[in-house]
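Heads up, the thing below is written out as C-alpha cells.
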Amino acid sequence: MNALEARDLVKRYKDFEAVSGLTFDVKEGEIFALVGPNGVGKSTTLKMIATLLAPTAGSVSVFGCDVVKEACRVRELISYLPEEAGAYKNLTGREYLRFMALVFLKDGPKAEAAVVRGEDLCGLADKLKDKIKTYSKGMTRKLLIARAVMIAPRLAILDEPTSGLDIVNGYEVRKTIKRLAGEGTTFLISSHNMGEIEFLSGRIGVMNNGRMLACDTPAALKRRFSTDDLEEVFIRLTQ
Amino acid sequence: MSIFLVLVRKEVKELLTPQLVVSIAAMLFVFHVIGRSVGSHNKASASRNGVVIVDLDRSALSRRLSAALSRAECAVTHSPARDIGPALAAPEHDAESSFMLVPAGLERDLAAGRQSHVAFYSRFRKNASGLGPVMAASRTRKTLSLVSGELSSFVMERRLQGLSPGFVKDPAPAREFAVIGGRVEAVPVSHVVAFVQSQSYFFPMAVFFIIILSAQMIMTAVASEKENKTLETLLSSPIDRRMLVLSKLTASAFIAAVLSGGYMLGMRSFMSGIVGDAAPGAASSSGPALARLGLLITPSGYLMIGLSVLVCILCALAMAFILGLLAEDVKSIQAMMTPLVMVLMLSYLLPIFIDMSAANDGIKLILYAIPFTHAFLAPQNVMMGNGVQVLWGIAYQAAVFAAFVALAARLFSGEALLTLRLRFPKVR
C-alpha cells in the first residue's frame with residue numbers, strides 16, 4: 001500500500017487556482033520531496049494532505065484513508081510541520097514537547113515515551129528547562145522538528161524543515177530524517193535547498209503553477225536533462 | 001527634504017493604516033449616534049415637567065401655589081385623593097413621578113405665624129436609568145424652591161410681628177420622600193439619586209474595562225496562535241476541533257470568572273463604603289432609609305449581578321474569539337476590536353444619558369439587543385427590585401453566547417479558519 005496517493009488534486013480559491021490536477025504517490029518509508037519556485041502550490045498541497053484545507057476536486061488518501069471523509073483517522077497517522085511554525089513562547093521546551101505528545105497521542109505513558117524521544121532528537125539538553133521565548137530561531141526549529149517526529153507518525157509532512165537553521169543544525173536535522181526514514185517513517189517534505197533534496201530524497205516532484213512537471217529520482221532527472229546538477233534540472237523545468 | 005521629515009513621513013505612513021482610519025470613523029459615528037439620541041431624548045424628557053398636587057388645604061394659598069407652578073411651565077395635575085397613598089396608587093397618575101402634598105391648615109398655620117410642612121414625593125421607576133432620575137431630582141428641587149418662595153411671600157405679605165427671620169424665609173420646610181416599588185421613605189431625593197447614579201457610572205465603567213481587557217486577551221491569544229502557526233499544528237492533531245474551541249473558551253471563562261469575582265468584591269466594598277457607619281457624606285447618613293427602600297443589594301442580588309456580568313464577559317469572549325480568528329495577525333487586532341468597542345460604547349454610554357423607562361422603542365430595542373447592556377443595567381435593576389428583567393437579560397445573554405460558540409465551532413471545523421481574512425482595501 002502506498003503511504004500517500006494524490007489523484008487529480010485541485011485547490012481553487014475565489015480568484016486563482018493554487019493547485020491544478022496534481023497526481024503523485026509516495027511509497028511507505030520513502031522520503032519524497034516537493035520542489036518548486038515560491039507560490040506554486042507546494043504548501044497548499046501539504047495543507048490538503050494534512051487535512052487543513054479541503055481539495056476543490058480530486059482526492060488524497062493517506063495509507064488508504066481519504067483526507068476529507070476520514071480526516072480524523074488521517075490525523076492519527078500524520079504529523080505536520082508548517083513552514084515558519086512557532087511554539088508557545090511561555091512554555092519551556094520540555095513542557096511544549098509534553099503538551100504536544102499528549103495532544104497527538106492522547107495517552108500518558110505513550111506521551112512520556114515520545115517526550116523522551118523528542119528530548120533526544122532535539123538535542124537541546126538543559127535548554128529544555130528554559131522558556132521557548134529565550135530560544136534562538138534555530139533552537140526553536142529543532143524543537144519543532146523533534147515535536148513533529150517524536151510521536152513516530154507513519155507519515156511526517158515537513159514544510160521547509162531546515163529553513164532558518166545553520167549548516168551544522170541543518171546537517172543534523174537531515175541525518176535525523178534519513179535515520180527515521182530508515183526506521184520506517186515516511187516523509188513528505190518541501191524544500192528549496194537542492195543539496196538537501198538530493199541528500200535526502202528517494203524521489204522528487206517538481207511543481208510549477210500548481211502542476212507536477214516531473215516526478216522521479218534525482219539520478220533519473222539528471223540523466224533526463226543530461227546534467228550532474230539538480231539545480232540546473234530545476235531551472236530548466238521551471239523556466 | 002531633511003532626514004527628520006523623511007523619518008516622520010515614514011512613521012506617519014506606518015501608523016496611518018486604513019484600519020486606523022476605519023476605527024476613527026466608526027468611533028465618530030458612534031458618538032454622533034449617541035449625541036443625536038441623547039439630544040432628542042432629553043428634549044422629550046424636558047417636556048414631561050409635571051407635578052401632582054394632593055391638596056388637603058383647599059385654600060387660597062394652595063390655589064396660589066398651583067398657579068405659581070403653572071406659571072413656571074410646570075404641568076400641574078390635581079388629585080382628588082385625601083392622602084398621598086391613594087394618589088400614588090391612582091392609575092391615572094401612573095406616569096407621574098413628582099407629587100406634592102399640601103397639608104390641611106397650611107394657610108391657617110402660616111397666617112398665624114406657626115410653622116407647617118409641605119411634603120414632596122419623588123417616585124423612581126423600576127427601569128429608570130441615566131439622567132432620568134437626575135432630571136427628576138432637579139425638577140423636584142425647582143418645585144420645592146418655587147413653593148418655598150411663594151410661601152415666604154405669603155408670610156411677608158401678612159406683615160406679622162415678632163417672627164424669626166428663619167420662619168419668614170422658609171415658613172413650611174419641605175419634607176422629602178422617595179417612593180420605590182410602593183415603599184415610601186423620608187429621604188432627600190438627591191441622596192437617592194446620588195446613590196443610584198453611582199451605579200450608572202462606576203459599575204458599568206468597571207464592566208466596560210473588564211470586557212475590553214478580556215476580549216483583547218483572547219483575541220491576541222487566537223491571533224498570535226494563528227500568526228505563529230501553532231494553530232495549524234493543533235488543527236492537524238487528532239484532537240476533536242470542538243474540544244479545541246471549548247478548551248479555549250473554558251480557559252477564558254475561568255479568567256472571566258476571576259475578573260467577575262474581583263468586580264463583585266469591588267462592588268461590595270464600594271457599597272459598604274457608601275452605606276457603612278464609618279462612611280462620611282450625605283448618602284451614608286441616609287443609609288438606613290436607602291436600605292428600607294430596598295436599594296441595598298442582597299446576596300441573591302449580588303449573585304444575579306455577578307451572573308449577568310459573567311455571561312456578558314462570556315459573550316464578549318465568544319465574539320472576540322471569532323474576531324480573533326478573522327484577524328490576519330496580532331497587529332490587526334486594534335482594527336478587529338472596532339465592532340466590539342462600538343457596540344460596547346453604545347450600550348455603555350447611552351443608558352448613562354438616557355432614561356430607559358422613558359426611551360423610545362427603537363432605542364430600547366437596539367440597546368436590549370446588545371447583550372452587554374443587560375450587565376450594565378443589572379445593578380440598577382437589582383436595586384430597583386427589577387430582578388425579573390435581570391433574569392431575562394441573563395437568559396438572553398446566554399442564548400447569544402451559545403449562538404457565538406456554535407459559530408466559532410463551525411469556523412473551527414472547516415478551512416475557513418485558515419482562509420478567511422477580514423481585510424481592508426489597500427489605499428494607493
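The values are calculated or read from the model by the stated rules, or taken from the named source; none is laboratory data. Note that the structure is a prediction, hence the values are computed from the model and not measured. Ideal geometry is used to build each Cβ from the backbone, glycine not excepted, and the neighbour counts take in all protein chains shown. Each accessible area value is taken on the protein alone, full model and side chains, heavy atoms only, with ligands, DNA and RNA left out. Shrake-Rupley method; radii C 1.70, N 1.55, O 1.52, S 1.80 Å.
Calculate, in nm to one decimal, what B:Arg63 and B:Ala251 gain on full extension: separation in residues at 0.36 nm each, minus their alpha carbon distance. Display every interim value, and only then the final one.
Values: separation 188, 0.36 × 188 = 67.68 nm, distance 6.78 nm.
Full extension from B:Arg63 to B:Ala251 adds 60.9 nm.
Residue by residue through A:86-95, how many Cβ atoms from other chains fall within 10 Å of the Cβ on average?
On the way: counts 8, 4, 4, 3, 0, 0, 0, 0, 0, 0.
Mean partner shielding for this stretch: 2.
Restricting to Cα pairs below 8 Å that are 6+ residues apart, what does the relative contact order work out to for the stretch B:286-428? Please round to a whole percent.
On the way: 107 pairs, mean separation 57.2, N = 143.
After rounding, I find 40 percent.
Can you give the relative contact order of the stretch B:48-186 as a percent, counting alpha carbon pairs under 8 Å and 6+ residues apart?
Relative CO of the stretch B:48-186 lands at 26 percent.
Quick one: go through the stretch B:342-384 and flag any residue whose amide nitrogen is under 20 Å from the point 7 Å out along the Cα-to-Cβ line of B:Ser138. Counting backbone N atoms under 20 Å from the label point, the list is B:349-360.
Run the helix sum for the protein assembly as shown: -39,500 (n - 2.57) per DSSP H stretch of 4+ residues, divided by residue count, reported at 222 nm to the nearest 500 deg cm²/dmol. Before the final figure, lay out each step's value.
Working: 27 runs with 387 residues, N = 667.
The helix contribution divided over the protein assembly as shown gives -19000 deg cm²/dmol.
In terms of distances greater than 21 angstrom between alpha carbons, the cross-link table entries B:Lys142/B:Lys169; A:Lys42/B:Lys248; A:Lys47/A:Lys175; A:Lys89/B:Lys226; A:Lys127/B:Lys229; A:Lys47/A:Lys129 yield A:Lys42/B:Lys248; A:Lys47/A:Lys175; A:Lys127/B:Lys229; A:Lys47/A:Lys129.
Peptide A:72-79 has a mean of 3 when you count, residue by residue, the C-beta atoms of other protein chains within 10 Å of its C-beta.
Cα gyration tensor of the protein assembly as shown, axes a ≥ b ≥ c as square roots of the eigenvalues: rounded (a/c below 1.5), prolate (a/b > b/c) or oblate?
Prolate, because a/c is 1.5 or more and a/b exceeds b/c.
In terms of its alpha-carbon gyration tensor, the stretch B:336-428 comes out oblate; a/c meets the 1.5 threshold, while b/c is at least as large as a/b.
Legend: residues in the stretch B:207-232 shielded by at least 40 square angstrom of accessible surface upon adding the remaining protein chains to the isolated chain (1.4 Å probe, heavy atoms) are B:Asn228, B:Lys229, B:Thr230, B:Glu232. Element breakdown for the protein assembly as shown at a 1.4 angstrom probe: carbon and sulfur atoms account for 59% of the accessible area.
Counting pairs of alpha carbon atoms under 8 Å apart in space and at least six apart in sequence, what relative contact order in percent does chain B give?
Details: 554 pairs, mean separation 86.9, N = 428.
Reported relative contact order: 20 percent.
Overall, the ratio between the Cα radius of gyration of the stretch B:48-186 and 2.2 N^0.38 Å, rounded to two decimals, is 1.05.
In Å², what does the accessible area per residue of the protein assembly as shown work out to with a 1.4 Å probe?
Numbers: 30370 Å² over 667 residues.
Per-residue accessible area for the protein assembly as shown comes out at 46 Å².
With the simple model of a label 7 Å out from the Cα in the direction of the Cβ, B:Leu303 to B:Ser269 spans 2.5 nm.
At 0.36 nm per residue, and after removing the present C-alpha to C-alpha distance, how many nm does the segment from A:Asp130 to A:Arg223 gain when stretched out fully? Before the final figure, lay out the partial values.
Details: separation 93, 0.36 × 93 = 33.48 nm, distance 4.92 nm.
Net length gain for the segment: 28.6 nm.
All other residues whose Cβ lies under 12 angstrom from that of A:Ser59 are scored, Lys and Arg at +1 and Asp and Glu at -1, for a net of -2. In this label model, B:Arg242 and A:Cys72 are separated by 1.0 nm, measuring between points 7 Å along each Cα→Cβ vector. The lysines within cross-link reach of B:Lys13, meaning a Cα-to-Cα straight distance under 22 Å and a gap of 8 or more places when in the same chain, are B:Lys331, B:Lys426.
When peptides B:383-393, B:240-250 are sorted by average Cβ neighbour count within 10 Å, with the highest value leading, the order is B:383-393, B:240-250.
Buried between A and B is an accessible area of approximately 1800 Å², summed over both sides with a 1.4 Å probe. Backbone geometry of the stretch B:224-238 corresponds, through the Karplus equation with coefficients 6.51, -1.76 and 1.60 at θ = phi - 60°, to 3J(HN,Hα) couplings of 6, 5, 6, 5, 7, 6, 6, 5, 4, 5, 4, 5, 8, 7, x Hz, x marking Gly and Pro.
Computed about the Cα centre, the dipole magnitude for the protein assembly as shown is approximately 940 debye when only Lys and Arg (+1) and Asp and Glu (-1) carry charge, each at its Cβ. Taking Cα centroids, how far is the stretch A:166-209 from the stretch B:388-404 in Å? With the stretch A:166-209 and the stretch B:388-404 each reduced to a Cα centre, they are spaced 55 Å.
Label the stretch A:140-203 by shape, choosing from rounded, prolate and oblate, from the square roots a ≥ b ≥ c of the eigenvalues of the Cα gyration tensor; if a/c is under 1.5 it is rounded, and otherwise prolate applies when a/b is larger than b/c, oblate when it is not. It would help to have the intermediate numbers written out before the result.
Working: a/c = 1.60, a/b = 1.15, b/c = 1.39.
Oblate shape, in that a/c is at least 1.5 and b/c is the bigger or equal ratio.
Using heavy atoms of the protein chains and a probe of 1.4 Å, the accessible area assigned to A:Lys178 is about 90 Å². Can you check what the net charge comes to around B:Ala409, using other residues whose Cβ is under 12 Å from the Cβ of B:Ala409 (Lys, Arg +1; Asp, Glu -1)? My count for the surroundings of B:Ala409 gives +3.
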